[in-house]
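Have a look at the structure below before the remarks.
The values are calculated or read from the model by the stated rules, or taken from the named source; none is laboratory data. Source: prediction; values computed, not measured. No Cβ is skipped: glycine too gets one built from the backbone with ideal geometry, and neighbour counts run over all protein chains shown.
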Amino acid sequence: MKLVFHADDFGLSPAVNAGILEAHARGVLRSTSLMVTADAAAEAAEAARATPSLDVGLHLTLVEERPVLPGERIPSLLHGERFWPRHGAVALQYLRRRWDPAEARAELEAQWKRFDAFGLVASHCDGHQHLHLLPGVFPAVAAEARRRGVRFVRSRLGDPLSARDASLRGLLLVATHGVAWLAARGLEPADRDWLVPFTTLGFLRAGGALTTDSLLRALDRLRRRSAPAIAEVMLHPGRPDAETERRYGHWGYRWENDLALLVDPTLPEALARRGIEVTSFRELAAGTAS
C-alpha cells in the first residue's frame, strides 16, 4: 500500500498554516490542499512557493467561508456575505432546490483561477466538508480535474465501520457514501477512467481524535478488508490558537493532536514494518505519467 498523509484547510488561519508546515518539516506529511477563499490563503500560498517539497492541491470550498465570486452571481450559495455556515444547512437548501449547482460550478471555477493566480500547480483536489461530491457538482469537478491533468480527486471515504461507530458520525459517513455514489453516476466515462481511485481514512476520527495506535489499527483493518493500492489519511494539523478556536471552535477540532500524530517518531517504522510506503499525490502523479 502507498499511503498519503494529507492536511486539509491550508490557508484557514496562521496557526493552521504553521502546524501544516511543521508537520511537513518534522514528520510524515507531504501533501496538503489550499482553501483559496480563507483569510490566510495568501500567506499559505507564499509558504508553499517557498517550500517546493510540499505537495499542494485545491480544497474546494462551498461552506462557511467567503466566496471568490460577487454575491449577485451566486445568491443561492450565500447566507449574508458568506457561504451557508454549516454543511447541514447546505444540504437542506440543496434538498429544497434552493441551492443552485450551476452557481456552485461557477464559484469552483473561480476558485481554480485564484489557485492559478497564486502561482501553484495542483496534483489533487478535495472539498471542504466534502460538498464537492454533491450531484450536479462532482461531475464538473471531475471534468475540470481531467482538463487540468489532475488525476486524484477525493471521493471514497473508506473508514472501516465497526459496532462502536453506530453514531451520528457513522451515519454521516454512510450518507456521504450514498451521495458520492449518486454523484459518480453522472460522470462522463472519460472522466471516470481518468481519475485514479484511492481510499480516504479519517472521516470517523476527524479533527484530532485519531491516534497513532488507532490509525495503525484502521490501516490493518483496511488492508485485511480490501488492501487498496493507494490510501489517504485526512488530517487537520495546527497549533493551538485562541483566534482559530474562536472562529472555528464549533467544529470541535483538536488541531494540535493531529500535529502530534504526524510528527510521532515511532510512526515511520511502524508503517515500514507493514510494508506501507509514505508518498504524496505529486509523487503518485509522476508515477502514473511515467
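Structure data summary
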{"quantity": "Criterion: of a type in the set (A, V, I, L, M) and surrounded by fewer than 19 Cβ atoms within 10 Å (Cβ to Cβ) - qualifying residue of A272, A285, A231", "calculated": "A272"}
{"quantity": "The listed residue being under 16 Å from the mean Cα position of the chain (by Cα) and either at pLDDT 90 or above or more than 21 Å from M35 (Cβ to Cβ) (or both), out of L187, L201, L171, L215", "calculated": "L201"}
{"quantity": "Members of segment 53-85 found to be part of a loop (DSSP other than H, G, I, E, B), in contact with a helix residue (DSSP H, G or I) (Cβ under 6 Å, 6 or more places away or on another chain) and among the polar types (S, T, N, Q), listed by number", "calculated": "T61"}
{"quantity": "Residues located in segment 250-290, provided they are among the hydrophobic types (A, V, I, L, M, F, W, C), closer than 17 Å to L3 by Cβ and either assigned to a loop (DSSP other than H, G, I, E, B) or without any contact (Cβ under 8 Å) to a residue 24 or more places away in the chain (or both)", "calculated": "V263, A272, I276, A286"}
{"quantity": "Filtered residues of segment 86-103 (kept if within 29 Å of F5 (Cβ to Cβ) and either at pLDDT 95 or above or crowded, with 21+ Cβ neighbours inside 10 Å (or both))", "calculated": "V90"}
{"quantity": "Pairs with Cβ under 9 Å, 6+ apart, first in segment 211-227 and touching a residue at least 40 places away in the same chain (Cβ under 8 Å) and in a helix (DSSP H, G or I), second among the acidic types (D, E) and buried (at least 17 other Cβ atoms within 10 Å of the Cβ)", "calculated": "A218/D159; L222/D159"}
{"quantity": "Pair list, Cβ < 7 Å and 6+ apart or interchain, from segment 163-179 residues that are farther than 20 Å from G252 by Cβ to residues that are modelled with pLDDT of 75 or more and not in a helix (DSSP H, G or I)", "calculated": "H177/L157; V179/L134"}
